[in-house]
Structures are given as C-alpha cells and as structure tokens.
Amino acid sequence: MMSGIPDVVCCVATAPAWLAVPPNTVVVAAGVAAVGVAAGVIGSLAVLRKRALAGDAAAHAALAGVALAFLATGRRDLPVLLGGGLLAALAALGVLVLLRRYTRTRDDAATAIVLSVSFGCGIALVAGLTSRGVPDAAGLEHFLLGHTAALTVADAALLATVSAAAVVVAVVGLKEATLVAFDPGFAAASGWPVAAIDYCLVGLVAAMVIVGLPAAGAVLVTALVVIPPVAARQWTDRVPTMLLLAGLIGLAAAVFGVAASALVPRLATGPLVVLAAATLLAVSLLAAPERGLLPRAWRRRSARRGAA
Amino acid sequence: MGRFPLAQLAPMGDAGEGVQHLAERLLGPGGGMHAWAMATAALVAAACGLVGTLLVVRRMSLVGDAISHAVLPGIVVAVLAGGRPGGPLVLAAAVATALATVWLTERLTATGRMAEDASAGVVFTTMFAGGVLLVTAFASRIDLDPGCILHGVLELVPFDTVAVAGHEVPRGFLTASAVCAGLALAAVVTWKLQVFTAFDPEAAAAAGIPVRGVTAGLMAATALATVASFEVVGAILVVALLVVPAATAELLTHRLHRMAVLAAGLGGCAAVLGYLAAWRLATSAAGMIAVVLGLQYAAAVCFAPEDGLVIRGLRRLALAWRVACEDRLAAYWRAEETRDRCTRPVPVATTGAGRFVDAWLAATGRIARGPGGRLLTARGREQADTVVRSHRLWESWLGRHAELPSDHLHPPAEWIEHHLGADVRRRIEAEVGARARDPHGRPIPPEP
Amino acid sequence: MSAPLLEFHDVTVAYGRRPVLWNIDLTIDHACLFGIIGPNGAGKSTLLKAALGLVPTTGGTVTFFGRPLADGRRRVGYVPQRETVDWDFPVTVGDVVLMGTYARLGWFRRPGRGERRLARECLARVGLEDVADRQIGRLSGGQQQRVFLARALAQEADVYLLDEPLAGVDARSQETIFEVLAALRDSGRLVVVVHHDLRTAAAWFDRVALIDRRLVATGPTATVLTPENLERTYAGQIELLDELGRAVAARRRTP
C-alpha cells in the first residue's frame, strides 16, 4: 500500500477479494442490519414528534454508563456494557425532563448541557481507567466511533433481538404514536396520556441508540436515527410507508458500514455508516418523484414548454 | 488517550521567571507547564462563554453544537493543504466551513422537506463523519488522531512552544490569547447590534440593522471559538464550553452584559478547577472541565438567588407559613367579633401544625394569654384587621362586578386576602365606593 | 331535574403565577349553539382548555353532565385552533378524520370497516369527500378547518367545544361549517364555540357568554349583546384585574 493513498481506495481497487467473506462477518452484518432497520423505524417516530435530537443526549450519556458498568463489574461483555449505557441514557433523559419543568433553561440549551456534561463524565471515566493501566479499558474507546469488527455472534444476536422487539413495539403502538405526534392537544383532550406516550417513545429512542453504539459509536449514532427517516419522507406521504422505507435505508447504510469496516479494520464504522445514509438522503432529495428537486424542475420546464 | 503526562514534564525554559517561580511554588515541579495549560484553557473558556451567551439567548445552542462538529472537515482539509493546526489557514477554513454549514442547514429547512432540528442533525453529523473519515484515512500525513478530536490534548499544549521576545511560549496559548482578545474586541464593538438582533430580529431588521450579517458574524465567532477550543477540549466538549457557563449565568442574572461577563468568568474558573482536578485524579482534563461546568450549573439550579429550586422551596414554605399565621389571626378576629353576640369559643388548635402556629404567634407578640383563653394583642389585631379587610373588600368587588351569587364570594376571597397590598385595597375601595359593610352585611374594618 | 350539560363553578386559571380567568361561574342546561365572546386576551380559549383539562385550574371545578371530565370524555368533542398543526405531516384527510375514532377504539386496536365508513360519512357532511386521499398540506384554509370539524364529528360526541373555528376561513366554508353546527344542535347536542366576530355572533348563536377575564354577562343573545354589556366587556374595568394579577404574582415571589 503506497503511503498517502487512503485505505478505502485500496479496498475498492482490490474488489474481487471481498467476495470470499467469512461467515462470522455475515452474522455480525445481520445483527447490525437489524439495528439499522430498527433505528430507521424508531427514528421516524422521533422525527415526526420533533424529538429528533433526544437520541443525541441519550447517546452521549451512554458513554458514561458504559464506563461505569465496566468499572462496577469489571466485565466487558456487551450486554453488561449496553445495560449500563441504557441506564445512563434513561437517567440523562430524565434529567432533561426535570430541567424543562423546573428551570428557566430553554429546551435546546438543556439538551446541549445534558449531552456535553454527561459525555464529559464519560470521557473522564474512560481516561481515568486507561491512565491507571486498567486492563481492557482501552476497548471502551470503541464505543465512541463504532467498531463492529470486534463483535461476536452472541453480541449480534443481542442487537438483533432488541431491535426486533423495538420494531414490534413501534408497529403495535403506531396509531397512538402518530396521533400524539400529529396533534398532542387533541390527543390530550381525547383522554390519551400524552406524557406517558412521549416517555415511551423517548425510551425506545434511547434503547435504539444504545444498541446502535457498537455500530456507529456514541458520537454518530444519532445520524442513524435521523437521516433514514428524513430520506424516507421524501418518497411517501403516509406514515406506515415512511417507517418501512426508513427501515430499508437504515439497513442499507448499516450493512455498508459493516462491510467496509470488516475490510479495513482501521477505519471506524460510524463515519462509514453515516456517509452511506447521507448519500441515500441526497439521492432522495434529488430524485424522489413527488418532492425531489430534479423531478420538480423537470415538471416546471415541461409546464412552461406546454404553455408556450 | 487522556494520559496525564506527569512523568514527562521537562523544565520550561525562559518563560517569565517570576510567574514561573510562583507556579512552581504553588503547584510543585513542572508548575510552569501546568500554569500555561491552565491559562490557555481559561482563555479559551472565557472566549467560548462570551460567544455562548449570545447563542443561548438566541436559542441557538443547537447551532453551536452543529458548528463545533461541522468545522472538523474544514480543519482537516486545511491541515492537509499545509496549514498549521491553530494557524491562520485553519482558522479561515473553520470560519468558512461554519458559514457553509449554517447556509446548508437553512437551505435544507427552506425546501420544506424537513424540520429545522432534523436538518441541523443531518448536516452536522454528516460533516463530522466526513471529517473523522478524512482524519483516519490520512492519519499518516497529519498529526491529528481521532482521540484528540474527541477530547483535546490540553495536557500537551505546553510542550509545543515558539520563541516570543526571547521567551518560550506555547503556541496554543498564543492562539487562545489572539482569539480571546479578538472576540472580546468584536463583542465590545458590536454588542448593541448583537443584543438588539437577539431580542427582536424583526424590529432590528425594521430599524435597518443587517440581521443576516450580524448572525453570520455570530456564526463566525462561534467557529473561531470552536477552533481555538479544539486543542483544549476537542470537538464534542466545545459545546460544553459554549453553552453551560452561559446557561448557568442565565439563571443568576437577567441583564445580558452581566450574563456575558459571568459566563466568561465561570468558564475560566471551570477550566482551571477542571484542570487541577484532572491532574489530581489522573484523568482527562477536557472531561473534568465538563464535569466542573455541570456542577456549576447544578449549583445554580439549586441555589440561584431568585430561581434556585432550594430557594423557591424555602420561599413556598415561608408563604405557606405566612398564610397559616394570617388565617389563624383572622380566625381569632372573627371569634372576637361574634363573641359579642353569642358565646362562641375561640377555636382551639387541635392539629400539631395549628399548635406551632399559635406558639409562633405568641412568641412574636401577636396573641397573648388572657382570662378565658388566648386574645389578640394590639399588634395582632392590626394584622388581622388587614386580612379581614382585604377579604371583605374583595367580596364587595366580586359582588358588584361579577355575576356571582353571594355564597360563591367566600372561597375566592379566602385566597386573595393574603395577596392584597395597601394600594390595591385603596383601588378596590375607590371602585366599590367607601362602604362599611360587605355583601353579607358584615362590617369592613378601616385601613389601620 | 337532570344535570346541566356543562357547568363551570368558580373557575380561576393562572398561567405561571398570574391569574388570567377570575371566578367564572357558568351553567349551560340544554342543547344550543352557545357562543363565548370577548376581546383578545380575555381568556376565552383558556376557558375551553380549562374545561378539557389542558391547562390547570387554580380553583373551581368543571363538570360535564354533572360529572368530572374523566367520567365522560367520550361524550366531549374538541376542535382546537388551527395553527397548532404541522401541515407537512405525512397524513391524508381521511387519516385525520379517522383519528376521531381512536378514543373509542382504545389501546392498540386498529380502525376497521365500521370506522372507515363513519369517517367517509363525516367527510361527506362537511363536503370534503372528494379530497379524502389528499395530504393535508394541500388544502385551503377553509378546507383545513372542515377536516378538523369532520374529525370532531367522527367522535360522535354529545358536547362539542370549538376554538375559533371560523377564524381566517372563507365565506363559503363559514356557511358550511355553520350549517353543520346548526344540524348538531338540532339533533340535541350542545355546541360551544369561542368566536371572535361580534357581528356574526348576533346572527348565529342562541345564547352567549361575554367574557373579559371574568364573566360579564350570559343568557339569550338578544338580551346579553346590549350596548351596556358590550361596553363593560370591551372597554371595561380590566385595569384592576391586571393590577391584582401583578400583585398576586409579586407577593408569591417575596412573602
């Protein structure tokens, strides 16, 4: 490999080599693919409810939880670490609710505070562990930017199970989630417990963000929750179709990230997944039949030509 | 990552001997290095606090978050093109990238295809991902590693020095001073414009202020502050420096220029304290600075003079206590009033709380033990007069101006009697006309 | 004597610490077209929201058919102000009207054929059966208002509360909406409307209440909408209540 030419380019140049993919990678890819689907589905509900960035706060807080779980148990199994991450994420979201209710601080500032302070705690914990020479602590850094190459089959199974459960919950409660997202005032007046439904949604987002940590890392997992739904919205005007498409786009992005990460273990998965999703978004914005920029320009030109 | 290079400190050289000696005396060997690092961090934090004040007030904390992430690809490209980290090319690239980010977010929202928070989320995560990819792909050619981006390398700042007027000064410190001074100057010069635009963009535009230019200026300032903070705390925690001190300051004061000064000061303090804590605990300085900032905010939430939760709780208790005391005094007053007509005994406090109230009233000289039970003293009667007067005046007003039947007058008056001041009472009396009796026919005591 | 359809008993509502509605006492006994009239900022929308539990009350109670709201939510339909909705939301006209049936369906059950038929009927009643598959952003102002009215009709309620349903609506849609409301009243339902326009109020409503932070007058339209009452409402003694509100807020901060 010549110095100065990035690894990615070299991978693409030696394309035929990656058709002989080890079975382990396939299983891991399946697990992460499930994460991509679920992130797209849950993310759609969050984006519709205008809570797109609640996941950001959850993700940053999760780092501290992962570090604390490692500190408390000394174990590095994925379920333990992710469990710690989930608890920390839920705690951070709880703090966010309290800040909104009891202080003058506005929503956007409160989210930024919770996000950055909890992430700082996480960084301080991980750095402290590393500097004390605690064995295995360096592995926690992989939760920052994602590193699927280190996942085992059992890990992938866990991710797939949680993702499947989240999707089932989303589909079962779709009517309630849509109602609350569209017109919370009417929902409240009709007797629906809007706050409780909101907490469930935000909890689902937290869960998705946690299982997305190994795939995309704490810093970029929000992208997995936000970009596919926005892309899907360009293709349809119905909520169920939007969820389906978002799932598919998330799937494609996640699979791309895993594949590229398996080929070049030095590259973190997170950025690759995000860039894949962003490309699909750009395509959607440009080419979607009703809302896409190119079809609209074409229609305008045809109309003008027709009128002339 | 984040390893505190305690063992690697080398003697500093010729940097200001007096300060050096002071630092070494206070902080031990290598104190000069620590002093430089702390000074750099404090300057950067002050600059961020200043800019952050305007971001928070304009509800643009999210934009600050977005810019701090999105400038990364700009910085990487500038470094690849030969710029020095912290040098003018990088600074310019960062500003350009920041403005491009804001423009792109606006364009995306304007297409109507997505909400504002979604478009911001899309743009900055994509740009950050691109930046990280560039860094990892070209890692061999540039000196940035992903860890550095995420949490900074404040601990290594003192080691990279340049010669300035015969002294060895860390490059990071120079950049931080330049940016801080520049931003402070810009703030002073454009303060009125920024404040006007922050509070009422439409009125500002109508008054001829170039609102878009002012906002672009704020974005550029954010980008500069971000780049200066990169070395100190990395990309993610720049948000902490921008938003948290400003939010803390917002809880402590309502005046904007005081808020800016406080934010800068809080940021500087947090930087120094966080650094010292990280040194003591052998962990990342960036992380500990964020933790200290969080603790400052939490302290303000609880103990801010006007809005602090603890203060509010105490105030509510005090109000409840005052209401209980006044209700009790009014009960004594009414018992006295009816005693002339029939022998109705003074209500005896049966609950524990009632007994406390009685004890307090006795201790403050408003009731006294007399023949046949407790009596109001002159002072107590004066206060009770006020309460009953408020109650009956309000009943008169309600009876005259609202379509309320007479049995609905008592509950609202029970509540409002504790909140009427003398001037409001005078206004009510002016409206209902001076009268001696309320709608139930009971006498209204005169103003004491 | 049966319970009144809707009763406000000594209702006081405060936003933050300042009261905006003072001691409202209002009883509506029979089905009619009832208008709530008053100047801007008089608390008319707040009154409806307090009835529905959307804003907390500092004092007093609201009952529907003599019972608290929780007992009879199914029987109360609500049409909120239009601005609160995201018009880019991916739902069609038919989807929105179907939402009126959700409360009856309960948790997790999907709308079936009966619900869809009801939705189509309600759309026909407001004259929108042609646009059932259109995304809501592609409607005119009057059509948007009629969609929300159709949603309320799908609730099949006995009491309807509407918040400024005719604001910013073209004349033809106004006529259609008024006809629907009158038909509801004729079928024995109570229709309470917060209304902004004095002139049409006199023509449309059977009974009105004049509100300006407190109840000024209530009763049959002709007897209530007198010059004297209107003077009291629209140019009345509001300064004292403003001052009172400020005094309460200040006292609560510094006992």
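The values are calculated or read from the model by the stated rules, or taken from the named source; none is laboratory data. Keep in mind it's a predicted model, so treat the numbers as computed, not measured. Don't worry about glycine lacking a Cβ; one is built from the backbone with ideal geometry, like all the others, and counts go over all protein chains shown.
Among the residues of the range A:142-152, are any more than 14 Å from chain B (Cβ to nearest Cβ), over 18 Å from the mean Cα position of the chain (by Cα) and in a helix (DSSP H, G or I)? It would help to see each step written out before you state the result.
Filtering the range A:142-152 for residues more than 14 Å from chain B (Cβ to nearest Cβ) gives A:148, A:150-152.
Retained after the next criterion (residues that are over 18 Å from the mean Cα position of the chain (by Cα)): A:150, A:152.
Cutting the leftovers down to in a helix (DSSP H, G or I) gives us A:150.
Yes.
Of the conditions (1) in a loop (DSSP other than H, G, I, E, B); (2) within 12 Å of another protein chain (Cβ to nearest Cβ); (3) farther than 26 Å from residue A:194 by Cβ, residue C:55 fails just one. Which one is it?
Single failed check for residue C:55: (3).
For the condition away from chain A (no Cβ under 14 Å) and in contact (Cβ under 8 Å) with a residue 24 or more places away in the chain, what is the one hit in C:42, C:103? Working first, answer last.
Details: C:103 fails: away from chain A (no Cβ under 14 Å).
Only one candidate qualifies: C:42.
For the range A:116-133, name all the residues that are part of a helix (DSSP H, G or I) and either β-branched (Val, Ile, Thr) or more than 7 Å from chain B (Cβ to nearest Cβ) (or both).
Listed by number, the residues that qualify are A:117, A:118, A:122, A:123, A:125, A:126, A:129, A:130.
How many of the residues in the range B:249-273 are free of Cβ contacts under 8 Å to residues at least 60 places away in the same chain and facing chain A (nearest Cβ under 9 Å)?
Of the residues in that region, 1 qualify.
Being farther than 29 Å from residue C:246 by Cβ, crowded, with 20+ Cβ neighbours inside 10 Å and away from chain A (no Cβ under 14 Å) narrows it down to one residue among C:34, C:8; which is it?
C:34
Tell me which residues, restricted to the range B:279-311, are at the interface with chain A (Cβ under 9 Å from one of its Cβ atoms), more than 18 Å from residue B:245 (Cα to Cα) and over 16 Å from the mean Cα position of the chain (by Cα).
Those that are at the interface with chain A (Cβ under 9 Å from one of its Cβ atoms), more than 18 Å from residue B:245 (Cα to Cα) and over 16 Å from the mean Cα position of the chain (by Cα): B:281, B:282, B:283, B:284.
So in the range C:76-100, with the set limited to residues that are modelled with pLDDT of 90 or more and part of a helix (DSSP H, G or I), which one is nearest to the other protein chains (Cβ to nearest Cβ)?
Only one residue fits best here, namely C:99.
Please determine, by comparing only the residues of the range A:153-168 that are surrounded by fewer than 18 Cβ atoms within 10 Å (Cβ to Cβ) and among the β-branched types (Val, Ile, Thr), which one is nearest to the other protein chains (Cβ to nearest Cβ).
A:168
Which of the residues belonging to the range B:390-429 are under 43 Å from the mean Cα position of the chain (by Cα), small (Gly, Ala, Ser) and at pLDDT below 80?
B:402
If a residue must be modelled with pLDDT of 90 or more and either in a helix (DSSP H, G or I) or more than 12 Å from every other protein chain (Cβ to nearest Cβ) (or both), how many such residues does the range A:47-60 contain?
Applying the first criterion (modelled with pLDDT of 90 or more) to the range A:47-60 yields A:47-49.
Checking the rest, the ones that are also either in a helix (DSSP H, G or I) or more than 12 Å from every other protein chain (Cβ to nearest Cβ) (or both) come to A:47-48.
Result for the range A:47-60: 2.
Tally up the residues in the range C:156-179 that are more than 15 Å from the chain's Cα centre (by Cα), modelled with pLDDT of 90 or more and either crowded, with 22+ Cβ neighbours inside 10 Å or more than 17 Å from residue C:206 (Cβ to Cβ) (or both), please.
Residues of the range C:156-179 that are more than 15 Å from the chain's Cα centre (by Cα), as a first pass: C:156, C:168-176, C:179.
With the extra rule that they be modelled with pLDDT of 90 or more, the set shrinks to C:156, C:179.
Now restrict to residues that are either crowded, with 22+ Cβ neighbours inside 10 Å or more than 17 Å from residue C:206 (Cβ to Cβ) (or both): C:156.
Looking only at that region, the number is 1.
Hey, could you check the range A:222-274 for residues that are hydroxyl-bearing (Ser, Thr, Tyr) and facing another protein chain (nearest Cβ under 10 Å) and say which is nearest to residue C:137 (Cα to Cα)?
A:236
Here is a check on your reading of the model: is residue A:202 in contact with a Ser or Thr (Cβ under 6 Å, 6 or more places away or on another chain), aliphatic (A, V, I, L, M) and either away from chain B (no Cβ under 14 Å) or surrounded by fewer than 24 Cβ atoms within 10 Å (Cβ to Cβ) (or both)? Step through it out loud before you land on a result.
Details: in contact with a Ser or Thr (Cβ under 6 Å, 6 or more places away or on another chain): no; aliphatic (A, V, I, L, M): yes; either away from chain B (no Cβ under 14 Å) or surrounded by fewer than 24 Cβ atoms within 10 Å (Cβ to Cβ) (or both): yes.
Against the criterion (in contact with a Ser or Thr (Cβ under 6 Å, 6 or more places away or on another chain), aliphatic (A, V, I, L, M) and either away from chain B (no Cβ under 14 Å) or surrounded by fewer than 24 Cβ atoms within 10 Å (Cβ to Cβ) (or both)), residue A:202 does not qualify.
Does residue B:276 fit the bill of being more than 10 Å from chain A (Cβ to nearest Cβ), assigned to a helix (DSSP H, G or I) and within 19 Å of residue C:249 (Cα to Cα)?
no
In this structure, is residue C:42 in a loop (DSSP other than H, G, I, E, B) and surrounded by 20 or more Cβ atoms within 10 Å (Cβ to Cβ)?
yes
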